[in-house]
Amino acid sequence: MNHSKAAIVISKTISWIQLLTGILFAFFFGIFTIMTIVEMPYSTVYDLPFLFFCLFGDALGIWLIVSARRKQTLLKRFKEYVMSISNNPTGYIPDIAASFGTSAEIVEQNLERMIHKKFFPNAYIDKNANRIVIVNRQTTQNTADQNTTDQNTANQNTSAPTGSAASGVEMVTVKCKGCGGINTIAKGQTGECDYCGSAIKGNP
């Protein structure tokens, strides 16, 4: 399992555990909190520490629920961001933000969280250019450009008639089944998604 997919599965599992635990905590401690408050006028002073304990359990349950929802929202955003980035060759953050109708600051924060959590295994934020850089995509693009250059050079040096078949590598676009990102890969070759590292193949 690639690093990105493993990170996503782990984050998704933790979010569900947190959500279920938070609901249980909020439910049970909430009942005890209400019962304690109702019975306090008729009980001893020793019920006060128990009330604080119940309130702590309530707060912990709410925190777990909120944390779980944030993780799930980030996971949902990940695929949306991948689609936007794959359609934006520059990775310019303000352009990505505009496609979601939000601020560049929020998009940058979300991208940094995704990079920190290894959703994007080979990416970083270029602060000077205000863009996200996908290292694998840059390498793929450079390879494709080099192949095109080599092919043009070979065509200029060959003595074959104009219109003859070129021997260069044909590149095709492939949509990753893992994250939905659009990749460029040599036809018939296998490789990894530029965005999440899932296995992809340039089907002929």
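Rule-based calculations on the coordinates, nothing more; no lab input. From a predicted model like this one, the values you see are computed outputs, not experimental measurements. Glycine gets a Cβ as well: all are built from the backbone with ideal geometry, and neighbour counts include every protein chain shown.
Name the single residue that is surrounded by the fewest Cβ atoms within 10 Å (Cβ to Cβ) among those in region 180-199 being more than 18 Å from the chain's Cα centre (by Cα) and part of a strand (DSSP E or B). Step by step, filter region 180-199, then rank; the result is THR190. Of the candidates ALA104, ALA97, the single residue that is free of Cβ contacts under 8 Å to residues at least 12 places away in the same chain and within 30 Å of ASN183 (Cα to Cα) is ALA97. The C-beta contact set for region 68-92 (first residue without any contact (Cβ under 8 Å) to a residue 40 or more places away in the chain, second residue of a type in the set (Gly, Ala, Ser), distance under 6 angstrom, 6+ apart or interchain) comprises SER84/SER99.
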